[in-house]
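Reading through the structure tokens given below for one structure.
The values are calculated or read from the model by the stated rules, or taken from the named source; none is laboratory data. Worth saying up front: this structure is predicted, and the values here are computed from it rather than measured. Please note: Cβ atoms are built from the backbone with ideal geometry, for glycine as well, and neighbour counts cover all protein chains shown. These area figures cover heavy atoms from the full protein model, side chains too; ligands, DNA and RNA do not enter into them. Shrake-Rupley method; radii C 1.70, N 1.55, O 1.52, S 1.80 Å.
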Amino acid sequence: MIINYVLLGKRIRTLRQEQKLTQNQLEEKANLNEKYLSNIERATSIPSIETIASIADALNVPIDYLVYGRLSQKPTSPTVDKINNIVTAMPEKHRLFILDFLKIYNKNFKL
């Protein structure tokens, strides 16, 4: 499948703006060189898969969304569905708190 780098750049820019991040802030979060993100967003540079993965992680979206504009549908359990419903109803600042908590929990209590 062919990657449309113009659309990839537009998706990155849209998500970055929705999350109220500057290019410099996203570059820092994704560990990118200064001004590289601008080139990716304008499709004047073709990023490696590692770079795309870093940007996806920094924006908290799946790689396939950035590359192809679609979200993969993974089967979920009833418990995951219940958690998702609760978290979806929360204000964004509460979701970020829950995300931070889950990261700490996962780091310290690996099963």
Report yes if Ser45 is farther than 25 Å from Lys103 by Cα and out of contact with any strand residue (DSSP E or B) (no Cβ under 6 Å at 6 or more places or on another chain), otherwise no. yes
May I ask you to verify whether Tyr5 is surrounded by 11 or more Cβ atoms within 10 Å (Cβ to Cβ) and in contact with a Pro (Cβ under 9 Å, 6 or more places away or on another chain)? yes
Number of the exception - Val87 against (1) open to solvent by 50 Å² or more (accessible area, probe 1.4 Å); (2) assigned to a helix (DSSP H, G or I): (1)
Return the residues of region 1-20 that are free of Cβ contacts under 8 Å to residues at least 12 places away in the same chain and within 25 Å of Leu96 (Cα to Cα); say none if nothing qualifies. Thr14, Gln17, Glu18, Lys20
Take the conditions out of contact with any Ser or Thr (no Cβ under 6 Å at 6 or more places or on another chain), surrounded by fewer than 20 Cβ atoms within 10 Å (Cβ to Cβ) and within 30 Å of Pro91 (Cβ to Cβ) and apply them to Tyr36. Does it pass? no
Residue list for region 50-80, restricted to those being modelled with pLDDT of 95 or more and either in a loop (DSSP other than H, G, I, E, B) or loosely packed, with under 14 Cβ neighbours inside 10 Å (or both): Glu50
